[in-house]
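Report on one structure; see the data block that follows.
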Amino acid sequence: MTVSDQEMRFARPADLEEIGRLLPEVAGPLFPERFPGETVEAFCRWKYFANPAGEAAVGIAVSAGRVVSIVAAVPKRVRLGSKTVLAFELGDFITDANFRKRGLFSKLIEMVCEEARKRDAAFVYVRPNSISFPILAKTLSFVEVQKIDERRYLVPSGLIHRKTRIPPALLRLLGVDWLASRVLMPSPASSVAITETTRFGADMDAFWESVARRYSFALVRDRQYLNWRYADCPTRYLLWTARRKGAVVGYAIGLVNQAALSGYIVDLFTDPADKEASGQLLRSAMQSMLLAGAQVVFTWTLQSGAESAASDLLRRACPVAAKPHLHLAMRFLDPGLRQSDLPPNGWQIAAGDFDGT
């Protein structure tokens with residue numbers, strides 16, 4: 001396909017160097033934190049071509065041998081009601097400044113959505129920004145199916161210091177950080193053991209199978225997916241596993257950005273009713289990131305539809321919600337599926353279900 005002098009096609013591994021040249025232009029100065037010690041090409045190779053659910057559909061526009069626009073669709077398996085369906089997460093919406101307002105973005109969206117449909121995907125989903133969301137909603141058949149809050153915990157000693165210039169060490173000595181932790185963090189529970197890990201084993205598959213039916217909407221969280229997403233990713237995630245009497249009862253994923261002095265609770269997953277496991281995972285993750293120097297810890301929670309211990313605890317631990325909210329948008333590809341068919345509750349959505357964190 002061509003648009004004016006731009007060729008539009010799907011990317012191949014040989015295109016990764018050109019894609020790697022374009023991505024950092026709009027990904028921001030902290031983008032290299034996603035692949036410390038690696039190259040952007042290695043990061044893209046992992047993301048696009050090493051996924052156990054299948055290769056990504058990466059639509060690119062090429063002009064004079066250079067990639068000037070990109071839209072990526074990464075396959076994910078989703079537990080929807082009582083069945084598992086294929087979906088594609090859209091991302092990497094990037095167009096070179098000299099090639100904007102030529103319709104490349106919309107045409108690439110249509111191209112990757114058609115490819116996802118050919119692969120029997122039920123829907124595509126995306127967490128768009130304030131620029132792309134109106135385009136997706138008005139002209140490309142996307143609908144907002146959930147609202148997401150970006151929430152944060154601010155270290156009190158640092159926050160008060162920035163407002164009053166009182167030394168943070170003195171504030172810590174006075175106990176302001178301890179008091180906040182006492183109020184917002186879950187209490188210790190000896191019945192659950194938390195361990196750091198580098199990979200997930202077969203017992204994670206058994207855990208997923210035991211709790212999957214308790215959720216009506218969730219990405220499939222078996223060891224194959226979790227190891228690809230977090231253990232094999234060039235980003236250096238922190239992984240914790242919760243066990244009760246030796247059996248896996250949950251996991252948490254964290255990320256610390258040393259340059260920004262920030263931490264992220266990327267995912268927190270347990271049985272929806274397991275307050276102890278959720279609490280101990282959250283407590284361990286928060287303490288670890290704060291000890292590593294984080295002055296703020298971020299997480300995402302749905303505004304509605306997620307009735308679980310993990311969701312409740314995250315809202316309490318990270319009480320400040322940013323405005324405006326983030327969008328979870330979908331375009332349905334299965335003709336038998338529509339927005340009204342989505343479950344009203346039982347959702348599990350985490351920041352790690354999207355590529356941005």
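The values are calculated or read from the model by the stated rules, or taken from the named source; none is laboratory data. Keep in mind it's a predicted model, so treat the numbers as computed, not measured. For neighbour counting, all protein chains shown are included, and Cβ atoms are generated from backbone atoms with ideal geometry for every residue, glycine included. To get the accessible areas, we keep the full protein, side chains included, count just its heavy atoms, and leave off ligands, DNA and RNA. Shrake-Rupley method; radii C 1.70, N 1.55, O 1.52, S 1.80 Å.
Of the solvent-accessible surface of the chain, computed with a 1.4 Å probe over protein heavy atoms with every protein chain present, carbon and sulfur atoms account for 53 percent.
Of ARG151, ARG127, ARG316, the residue with the greatest mean-square motion in the GNM of the chain, using alpha carbon springs below 10 Å, is ARG316. Summed over the residues of region 1-123 and divided among them, the accessible surface reaches 45 Å² per residue at a probe radius of 1.4 Å. For the chain, the alpha-carbon coordinates run over 66, 50, 36 Å along the three principal axes, in decreasing order.
Accessible area per residue for region 231-357 is 39 Å², calculated with a 1.4 Å probe on protein heavy atoms, without ligands, DNA or RNA. The angle separating the long axis of helix 16-27 from the principal Cα axis of greatest extent in the chain is about 60 degrees. Which of the three applies to region 1-104, rounded, prolate or oblate, going by the alpha-carbon gyration tensor with a ≥ b ≥ c and a/c under 1.5 meaning rounded? Judged from the Cα gyration tensor, region 1-104 comes out oblate (a/c at least 1.5, b/c at or above a/b). Just checking the listed ones, ALA27, ALA53, ALA285: in the Gaussian network model of the chain with Cα springs under 10 Å, the one fluctuating most is ALA27. Between helix 202-211 and the chain there is an angle of about 90 degrees, using the helix long axis and the longest principal axis of the Cα atoms. Counting only alpha carbon atoms, the long axis of helix 275-291 and the longest principal axis of the chain meet at about 90°.
The alpha-carbon of LYS107 sits under 16 angstrom from the alpha-carbons of these lysines, leaving out residues fewer than 8 places away in its chain: LYS138. Between the C-alpha center of region 70-103 and that of region 298-314 there is a gap of 24 Å. Using the average count of surrounding beta-carbon atoms within 10 Å as a protection proxy, the listed peptides 318-324, 12-18, 305-311 rank, highest first, as 305-311, 12-18, 318-324.
Cross-link pairs exceeding 32 Å between alpha carbons, from the set LYS118/LYS275; LYS101/LYS147; LYS147/LYS245; LYS47/LYS83; LYS76/LYS163; LYS47/LYS245: LYS118/LYS275; LYS147/LYS245; LYS76/LYS163; LYS47/LYS245. Computed with a 1.4 Å probe on the full set of protein chains, the accessible area for LEU184 sits at about 40 Å².
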